[in-house]
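Mind having a look at this structure? Questions to follow.
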Amino acid sequence: MDFNENSGCDSRTIFVGNIPVHFNKKKFLKLAKQYGNVERMWIRGIKLPLKKIALNKNIMHDDHPPLISYVLFQTSADAQNALNLNGHIFENSHLRVTLLNNTEYDSNKGVFLGNLPLNIKDDDVYKMFIKCGDILGVRIVRDSVTGIGKGFGYVNFKSVDGVELALELNGQLLNGREIRVQRLLRKGQKKKKDKEKLLCKGQKKKKDKGKFQMKINLKNKNTTSKQEKRKIGNTYRGTESRSKLHSKKKKLSRTDFKKKIIAKKLAVTIKKKE
């Protein structure tokens, strides 16, 4: 659905979320007309190929994600008046109503929900957190194609007290899963936190790099000392082996050996004559 910015449709259109799958279209239109003159109404969020047939014949499965609607009023005042529908129980479902493209919420009055079941319904969250205080809206983030939940969402309260009580539900079971409840951070706070994380990572990397460098230096030191020892050992062994070689007698040839024997015999005979 596209609106012309100059036509002022944004200020005359409301967004309605968490509409039951098997809802009465005429009944819903009648409810909207209680707050002003309605020009047009769109139903969105049907995840079936034949959307019109599915809506008219009401053949959608019970586990189908809740539907959404856009209602265009004749005046901006009517649209503002229709915002009173927010939180209204329509066919056992709490409606979430805002002006079109108005996604601004007070972060101090909201909580982030994590580890939600994928088939979670808005009313399941509503029932769990209503005891914490008046709820402005519950938003489950869903896949745009399949409509299945992505495992996280948000709850916005009318007062800060609701946030404090909601934080105590951290770790509680919802449809068989332990949910995570955290404070909502403002954009500035989030950026600051991200910067701090990056700085911590950078410092850790530097520390790890320094440790790694120290290990390399120690390794080099150890290898050099080993090399030096080996060198010294080799030189010592070399001198020893050379001296041994020099001390060994040369092997005589056969003729030389015979000459030596003859010389010894001559020496013996000369001594006897003397």
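The values are calculated or read from the model by the stated rules, or taken from the named source; none is laboratory data. Just so we're clear, the structure is a prediction, and the values are computed from it rather than from any experiment. Counting neighbours? That spans all protein chains shown, and the Cβs are built from the backbone with ideal geometry, glycine included.
Taking residue 153 and the conditions (1) in a loop (DSSP other than H, G, I, E, B); (2) under 21 Å from the mean Cα position of the chain (by Cα); (3) touching a residue at least 24 places away in the same chain (Cβ under 8 Å), which numbered condition does it fall short on, given that it satisfies the others?
(1)
Looking at 158, 121 in this structure, which one is outside the structural domain of residue 29 (by TED's automatic domain parsing), touching a residue at least 24 places away in the same chain (Cβ under 8 Å), farther than 22 Å from residue 26 by Cβ and surrounded by 15 or more Cβ atoms within 10 Å (Cβ to Cβ)? I'd like the intermediate steps shown before the answer.
On the way: 158 fails: surrounded by 15 or more Cβ atoms within 10 Å (Cβ to Cβ).
Of the residues listed, the single one that is outside the structural domain of residue 29 (by TED's automatic domain parsing), touching a residue at least 24 places away in the same chain (Cβ under 8 Å), farther than 22 Å from residue 26 by Cβ and surrounded by 15 or more Cβ atoms within 10 Å (Cβ to Cβ) is 121.
Something else now. Mind listing just one residue for me: the one in the range 13-55 that is modelled with pLDDT under 85 and in a helix (DSSP H, G or I) and, of those, nearest to the chain's Cα centre (by Cα)?
Selected residue: 51.
Quick one: which of 149, 153, 133 is over 16 Å from residue 65 (Cβ atoms) and in contact with a strand residue (DSSP E or B) (Cβ under 6 Å, 6 or more places away or on another chain)?
Testing whether each residue is over 16 Å from residue 65 (Cβ atoms) and in contact with a strand residue (DSSP E or B) (Cβ under 6 Å, 6 or more places away or on another chain) leaves just 133.
Out of curiosity, is residue 138 under 27 Å from residue 33 (Cα atoms), in contact (Cβ under 8 Å) with a residue 40 or more places away in the chain and touching a strand residue (DSSP E or B) at 6+ places or on another chain (Cβ under 8 Å)? Break it down into steps so the answer makes sense when it comes.
Details: under 27 Å from residue 33 (Cα atoms): yes; in contact (Cβ under 8 Å) with a residue 40 or more places away in the chain: yes; touching a strand residue (DSSP E or B) at 6+ places or on another chain (Cβ under 8 Å): yes.
Criteria met by residue 138.
For (1) assigned to a strand (DSSP E or B); (2) surrounded by 14 or more Cβ atoms within 10 Å (Cβ to Cβ); (3) touching a helix residue (DSSP H, G or I) at 6+ places or on another chain (Cβ under 9 Å); (4) modelled with pLDDT under 95, each residue gets a yes or a no:
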site	(1), (2), (3), (4)
105	no, yes, no, yes
108	no, no, yes, yes
113	yes, yes, yes, no
117	no, yes, yes, yes
141	yes, no, no, yes
181	yes, yes, yes, no
196	no, no, no, yes
208	no, no, no, yes
